[in-house]
Amino acid sequence: MNKNILRGFPEDMVKNNKPIFFGIHLKPVCNFRCKKCFIGDMSNLKIRENLSLKEIKRIILSAKENGFKVLGITGAGEPTLDKKIKTVVSFANKNGLITHIPTNASLLTKDLLEFFKANNVTLILSLDTLNKTKFIELSGTNENIFNQVLKNITAAQEVFKDTMKTKNKKNIHRLAIHMTVSDENKNEINEIKKLVTKDTLFSISPYLWQRA
């Protein structure tokens, strides 16, 4: 049986034990207030830009020169809220890099999904529950957002269909659904797993932090 892995993760790309992944933090803003995330505690802070576009491009070029292959959009917040996201992704792609983008999926449009697909993005969609009431509680959002997220996950799977590649007995995916598991949703793992299509990887991790 082939092993399922996410494209751009070390198991997919590491050679000679050289580092291949580096991360950049964009502006820490989000339209969710998840219990699992500290971003809600930053909502009243005056937020300045972490890095300018010029600085980000310089970091990408330096990383490329040093043999890095994957840019991770890391840190707090929702990356698709940052106005620089398309410019950063496009610049990384032009320099031969894969970009990993985690997202709550609420703001994805077909045009944005097509752009990500065309620009070498590996996309990780966060989904912790299929229960509407629990989703609203865990994410600090509302019913409309819940419905939009499910709709956008389906759209992402349609756009990224047939992107999974098989190499050396490994299924290498460009799209993933990621579930953060706690006592509140641990019984839903199999239900969320049912959303996974042939071209979608399913991954889970435990809560590491929770807001009061």
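Data overview
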quantity: Test: residue in the stretch 148-160 that is under 19 Å from the mean Cα position of the chain (by Cα) and closer than 16 Å to Ile5 by Cα; calculated: yes
quantity: Conditions (1) part of a helix (DSSP H, G or I); (2) modelled with pLDDT of 75 or more; (3) loosely packed, with under 13 Cβ neighbours inside 10 Å; (4) touching a Lys or Arg at 6+ places or on another chain (Cβ under 9 Å); number of the one not met by Glu55; calculated: (4)
quantity: Looking only at the stretch 69-123, and only at residues there that are among the acidic types (Asp, Glu), surrounded by fewer than 20 Cβ atoms within 10 Å (Cβ to Cβ) and out of contact with any Lys or Arg (no Cβ under 7 Å at 6 or more places or on another chain), the one that is farthest from Val159 (Cα to Cα); calculated: Asp111
quantity: Leading residue by the ranking (nearest to Thr99 (Cα to Cα)) among those in the stretch 110-163 that are among the charged types (D, E, K, R) and touching a residue at least 24 places away in the same chain (Cβ under 8 Å); calculated: Lys117
quantity: Near pairs, Cβ below 7 angstrom, 6+ apart or cross-chain, from the stretch 81-92 (outside any helix (DSSP H, G or I)) to any residue that is crowded, with 21+ Cβ neighbours inside 10 Å; calculated: Asp82/Leu26; Lys84/Leu26
quantity: Residue within the stretch 176-185 that is among the β-branched types (Val, Ile, Thr), exposed (fewer than 14 other Cβ atoms within 10 Å of the Cβ), within 20 Å of Phe115 (Cα to Cα) and modelled with pLDDT of 95 or more present; calculated: no
quantity: Options Asp41, Asp12; residue that is surrounded by 12 or more Cβ atoms within 10 Å (Cβ to Cβ), more than 26 Å from Lys165 (Cβ to Cβ) and either among the charged types (D, E, K, R) or at pLDDT below 90 (or both); calculated: Asp41
quantity: Per-region count, the stretch 173-189, residues assigned to a loop (DSSP other than H, G, I, E, B), over 18 Å from Phe9 (Cβ atoms) and in contact with a strand residue (DSSP E or B) (Cβ under 8 Å, 6 or more places away or on another chain); calculated: 2
quantity: Test: residue in the stretch 65-73 that is part of a helix (DSSP H, G or I), charged (D, E, K, R) and in contact with a helix residue (DSSP H, G or I) (Cβ under 7 Å, 6 or more places away or on another chain); calculated: no
quantity: Unmet criterion (only one of (1) in a loop (DSSP other than H, G, I, E, B); (2) touching a strand residue (DSSP E or B) at 6+ places or on another chain (Cβ under 7 Å); (3) modelled with pLDDT of 95 or more) for Ser106; calculated: (2)
quantity: Hey, Asp199 among the charged types (D, E, K, R) and at positive phi or not; calculated: no
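The values are calculated or read from the model by the stated rules, or taken from the named source; none is laboratory data. Everything numeric in this text was worked out from a predicted model, so none of it was measured. Ideal geometry is used to build each Cβ from the backbone, glycine not excepted, and the neighbour counts take in all protein chains shown.
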